[in-house]
1. Quick one: what pairs do we get from the range 56-75, first residue touching a residue at least 12 places away in the same chain (Cβ under 8 Å), second open to solvent by 100 Å² or more (accessible area, probe 1.4 Å) and among the acidic types (Asp, Glu), C-beta under 9 Å, 6+ apart or different chains?
2. Pairs only if they're at least six apart or on different chains, beta carbon under 9 angstrom, first in the range 24-51 and over 21 Å from Ile87 (Cβ atoms) and of a type in the set (Lys, Arg), second in a loop (DSSP other than H, G, I, E, B) and open to solvent by 70 Å² or more (accessible area, probe 1.4 Å); list them, first residue then second.
3. Out of all the residues in the range 67-83, which are part of a strand (DSSP E or B) and either modelled with pLDDT of 90 or more or open to solvent by 80 Å² or more (accessible area, probe 1.4 Å) (or both)?
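The values are calculated or read from the model by the stated rules, or taken from the named source; none is laboratory data. The model shown is predicted, which means the values in this text are computed figures rather than measured ones. Counting neighbours? That spans all protein chains shown, and the Cβs are built from the backbone with ideal geometry, glycine included. These accessible areas exclude ligands, DNA and RNA; they are computed on the full protein's heavy atoms, side chains included. Shrake-Rupley method; radii C 1.70, N 1.55, O 1.52, S 1.80 Å.
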Amino acid sequence: MDNIEAPYVFAGALAIAASVYVYLSSRTNEAKAKHLGARLAPGPKRMFLIGNLFDFPKNRWYETFTSWGKQYGDVVYISLAGIPMVILNSLEAAEELAGKRAAVYSGRPYARMGLDL
């Protein structure tokens, strides 16, 4: 009887593993951006779930960010185990995103009552 149950247990475990993989892969920032029709900024190739965790420099990070800027452009996107990070490699990119588009990227609610009084 154990020989008959083993294939069913294996098939069930495989189905559960596949379901977990599909669920986790649909929850990544890349999948969310694709669903919304947006594109993420270019950056180093990311691994599943851990992103660029092993690519992130432990020291002299400014040299790595500068080389990524030369390779990928002024705006570089990396993910550190699910934590998104955008690296701005020029003053123009920083002024564009932080100054001109601050309302779009700030993520803070507008306090209408406090500011209108």
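1. Asp74/Glu92
2. none
3. Those that are part of a strand (DSSP E or B) and either modelled with pLDDT of 90 or more or open to solvent by 80 Å² or more (accessible area, probe 1.4 Å) (or both): Val75, Val76, Tyr77, Ile78, Ile83.
A quick yes/no check of all residues on (1) open to solvent by 100 Å² or more (accessible area, probe 1.4 Å); (2) touching a helix residue (DSSP H, G or I) at 6+ places or on another chain (Cβ under 7 Å); (3) part of a helix (DSSP H, G or I):
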{"position": "Ala13", "(1), (2), (3)": "no, no, yes"}
{"position": "Ala18", "(1), (2), (3)": "no, no, yes"}
{"position": "Pro57", "(1), (2), (3)": "no, yes, no"}
{"position": "Phe65", "(1), (2), (3)": "no, no, yes"}
{"position": "Met85", "(1), (2), (3)": "no, no, no"}
{"position": "Ala98", "(1), (2), (3)": "no, no, yes"}
